[in-house]
Structure formats: structure tokens, C-alpha cells
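J.: Here it is, the structure, as C-alpha cells.
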Amino acid sequence: MRRVMTVMMGLCLAAGAAQGQEWYETMKFKGDVRFRHERIDDSSADDVRDRERVRARLSADARLNPQVNAVIGVTTTEGGDPISGNQTLTGGGTKKDLYLDLGYIDFHPEAVKGLSVWAGKTKNPYVSVADLVWDGDYTPEGGAVKYHAGEDLELLLNGGAFWLRENKAGDDVMQYGGQAALNVKASDLVQLMVGSSYYGTENLEGAQVLDYQNSNSSYGNSTENSVAGTATNKIYTMEYTVVEPFAQLTLNTKIPVKLYGQYAVNTEADDDDTGYLAGLTIGQAKDPKTFEFTYNYRDLEKDAVLGAFTDSDHAGGGTDNRGHKFQVKYQFLKNWQGAVTYFLDEKKVSSDPIDYNRLQVDLVASF
């Protein structure tokens, strides 16, 4: 942690020197701490599991000059999990690990208004109305380009090239994406966003599964066994070329309402290739004593998307699942929020469905 803070302080000083300002005039910090009680009722397990978890995140954004920012972020997580910052409270009070979550350069040239080019371990550059394809904690590694133009009729263009696995003696496993969307502000009360995304992998077919725990988990996707000596590994049987249309309608009434949906199809799969999600959010837990209610339903077939990066909470994560999400948030005070979330799911629905229900009770302090 001391090393991370030293790097962040160095960015602060560099930002101040570049602009002839004190560091605190250009540096932005943000972070949050979340405490969670979680209960998991998996019908394939012998017992219901109760556990307490914590997530802590901190990021710094340094404005080096009018065209360049540098961003560094750290988070708690277990074993480098790419889609979760949670740490289970266990181990007799052992210290918890911090990992690099963000580390990228943001170049936004003055000559092209609305353009940003990122390089490093970045935020997810794609617009996402929900988490059918991407878990909200996923931070990819590579480069991205973002462009937006217009106000009442806003054009959004996003693209990325990310490394999934670097291979010393062979071709790297890559993921490429492109996205276009229109955000139409019809009036002060009505806003509609429609768009479509393309995500394609390269050299994934025949590659060992992407499992940070090295336990040969395919997260629901189709695999076959590859034997090398005494080791047996699971490898992917296809590429994942996913087309994802999406839409979101926002009504900025006294109690705001959002209606949204996603559809995903993997054009490389012969079957079990589609997924969809539809939901709504009522209210916005932002100011003290405000609330927010969310409901959505999803059905995600086993090869619709790459299972390693989709939502980690629904049905224990991955694909080959379907179910409901209910969530209520309440803003107690400024920067302090509570939430209760319940997932009513089935997993392994392509073979023998297993009931999987999860309750989460959260307290979040943010700054």
C-alpha cells in the first residue's frame, strides 16, 4: 500500500508542476468502502452459506496537461479476480490484498473535440445498460478509443483492442470490439439511447480457459479436454463473436424511471447462442432520503457470451443461467448508502437446472 500511495503522490506532484499549480488543484481522488452480508442457497450444495465481505477501492486521476490524464486505481480482490473486488472476512485477521485495478493514460486531443484515446489497464470503454455481457467490475487491458459528438442528439462511438492472454511462443489471445449508439434527448423529460455492439475474440478457439483461479473452470462455456503429459486442461471449442443490440428509455419525472434491454447472439455458435435481459429502475438513490428500486430478468445460454466476464453474482457467475434480480437502494446520508439485493436464479439450465438464490445486504461509504 505504501508503494501505491508513493506512486499516486508522484502523479500529484507531476500534475502540479506541469500546470504551475498546487497538486490539489488538478488531482482528483475517489473511492469507496462496501461492507456486505451475503447468503447463498445453492440446491447442489449441502448447506446454505453465510459470509461477510468487504470491498475497498481508491483511484487517482492526474491532469498532466490539457490533453493528457494519468489514472491509477487499486482495489481489494481475491486472487486477482477480474470481475470482483470482494474479500471474504476470514483467515484469523490476516491482511487483505490490494491489486492494480486501473493504470492508463487518457489522451484527449484539443484538435478533435469529444475524442479520447486510452492505453493501459482501463475502465471498460463500452456503454452498457446492464451486465448481460460485462460485469461492472471488469477493467480490460489494452487500448480503447471513445468519441462523442452532439448534445440533444449525441453520437457515441467506442472501440477497443484488449489482450486476454499473451503467449510467448504463439499467437496472443485477443478481444476486439466496436460500438455505436445514439442518445436522443427528446425533451427535459424523455431520453432514449439505442445502439449496437460487436465483440470478437481471436485465437481463443483451442486456447485454455480463462480462469484466474487455475481450476479449469469454463464459467458455463462449451469446452473439450486437452491432454498434455499428466495434465488435462479444458480448452474453448469456438471463438466468441457477439452482436449486442441494446436500448434504454429514461423518463426524468419527479420519480425518474429507466426501462432497458439487451440482446446478445454469438454468431460462431450453432446452438445455445443467445441471451437477453430486460429490466427497469424506479427512483434514484443519490440525495439523502431518496430510494431506488431495480428489477431485471435475464436468460443467458451457455455460448451466448464469454462467460469469464459476465456478471459474477447471477447464478454464481458465468453463462448457462436464467433468473430474476430485485434490488432496493436507500441513500441514508450524503456519501452513505444501503442496499438489499436478491437473486432468484437457475444455473446449468441447458442440462439439469439447479436452483441458486443469493441475498446481499450492503452498506457503502463513498468519497
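The values are calculated or read from the model by the stated rules, or taken from the named source; none is laboratory data. None of these values were measured; they are calculated from a predicted model. Backbone-built Cβ (ideal geometry, glycine too); neighbour counts: all protein chains shown. All accessible areas refer to the heavy atoms of the entire protein, side chains included, with ligands and DNA or RNA removed. Shrake-Rupley method; radii C 1.70, N 1.55, O 1.52, S 1.80 Å.
J.: How large is the translational diffusion coefficient of the stretch 250-356 in µm² per second when you combine the Kirkwood radius over alpha carbon pairs with Stokes-Einstein at 4 °C and 1.567 mPa s?
T.: Numbers: Rh = 15.2 Å.
The diffusion coefficient I find is 85 µm²/s.
J.: In debye to the nearest 20, how big a dipole does the stretch 80-231 give about its Cα centre with +1 on each Lys and Arg Cβ and -1 on each Asp and Glu Cβ?
T.: The calculated dipole for the stretch 80-231 is roughly 240 debye.
J.: On to the next question. Need one number: nm distance between label points at Asn252 and Thr230, each 7 Å from Cα along Cα→Cβ, rounded to one decimal.
T.: Each label point lies 7 Å from its Cα, and together they span 6.5 nm.
J.: Let me ask you something else. So for the pair Ser215, Val184, with labels modelled 7 Å out along Cα→Cβ, what separation do we get in nm?
T.: Those two pseudo-labels are separated by 4.7 nm.
J.: Next question. Using 0.36 nm times the number of residues separating Leu333 and Leu115, minus their current alpha carbon distance, what extension gain do you get?
T.: Value of the extension gain: 74.9 nm.
J.: Just name one of Pro125, Gly317, Thr76: the one whose Cα is farthest towards the positive end of the charge dipole of the chain (beta-carbon charges, Lys/Arg +1, Asp/Glu -1).
T.: Ranked along the dipole, the leading option is Thr76.
J.: Here's something else I'd like to know. Under 16 Å from the Cα of Lys234, which lysines turn up, not counting those fewer than eight places away in the same chain?
T.: By straight Cα distance, Lys234 reaches Lys302.
J.: For the modelled label position 7 Å from the Cα of Asn203 along Cα-to-Cβ, which residues of the stretch 283-310 have backbone nitrogen atoms closer than 15 Å?
T.: Output list for this probe position: empty.
J.: By the gyration tensor of its Cα atoms, with a ≥ b ≥ c the square roots of the eigenvalues, what is the shape of the chain: rounded for a/c under 1.5, prolate for a/b over b/c, or oblate?
T.: rounded
J.: If you don't mind, another one. Taking θ = phi - 60°, what integer Hz values does the Karplus form 6.51 cos²θ - 1.76 cosθ + 1.60 yield along the stretch 197-211, in sequence order, with x for Gly and Pro?
T.: Each residue's phi maps through the Karplus curve to give 10, 10, 10, x, 9, 9, 6, 7, 4, x, 8, 5, 4, 7, 9 Hz.
J.: With +1 on each Lys and Arg Cβ and -1 on each Asp and Glu Cβ, how big is the dipole of the chain about its Cα centre, in debye rounded to the nearest 20?
T.: Details: 36 positive and 52 negative charges, 371 e Å.
It works out to roughly 1780 debye.
J.: Roughly what percent of Cα-Cα pairs across the stretch 31-157 reach past 25 Å?
T.: Cα-Cα pairs in the stretch 31-157 separated by more than 25 Å: 41 percent.
J.: Carbon and sulfur: what percent of the stretch 27-75's accessible surface (1.4 Å probe)? It would help to have the intermediate numbers written out before the result.
T.: Working: 1160 of 2470 Å².
Result for the stretch 27-75: 47 percent of the exposed heavy-atom area is carbon or sulfur.
J.: Something else: Given charges of +1 on the Cβ of Lys and Arg and -1 on the Cβ of Asp and Glu, with all other atoms neutral, how large is the dipole of the stretch 229-367 about its Cα centre, in debye to the nearest 20?
T.: Magnitude of the dipole: close to 1060 debye.
J.: Sticking with this structure for a sec: Using θ = phi - 60° and the Karplus curve 6.51 cos²θ - 1.76 cosθ + 1.60, what whole-Hz ³J(HN,Hα) does each residue of the stretch 297-307 get, with Gly and Pro shown as x?
T.: Those phi angles translate into 10, 9, 9, 10, 6, 4, 10, 5, 9, 6, x Hz.
J.: Using a 1.4 Å probe, what is the accessible area per residue for the chain, in Å²?
T.: Ligands and nucleic acids excluded, the result is 51 Å² per residue.
J.: With unit charges on the beta carbon (Lys/Arg positive, Asp/Glu negative), name the residue among Asn221, Leu153, Gly206 whose Cα is farthest towards the positive pole of the charge dipole of the stretch 136-276.
T.: Sorting the options by dipole projection puts first Leu153.
J.: Once you compute Rg and the Kirkwood Rh from C-alpha atoms, what is the Rg to Rh ratio for the stretch 118-208?
T.: Value, to two decimals: 1.07.
J.: Same structure, new question: Going Cα to Cα from Lys289, which lysines come in below 26 Å? Please leave out same-chain ones fewer than 8 positions away.
T.: Qualifying lysines at Cα under 26 Å: Lys30, Lys254, Lys258, Lys325, Lys329, Lys334.
J.: If R0 is 25 Å, what FRET efficiency do you get for Leu259 and Leu157 from their C-beta distance, rounded to 0.05? Display every interim value, and only then the final one.
T.: Details: r = 24 Å, r/R0 = 0.96.
So the FRET efficiency works out to roughly 0.55.
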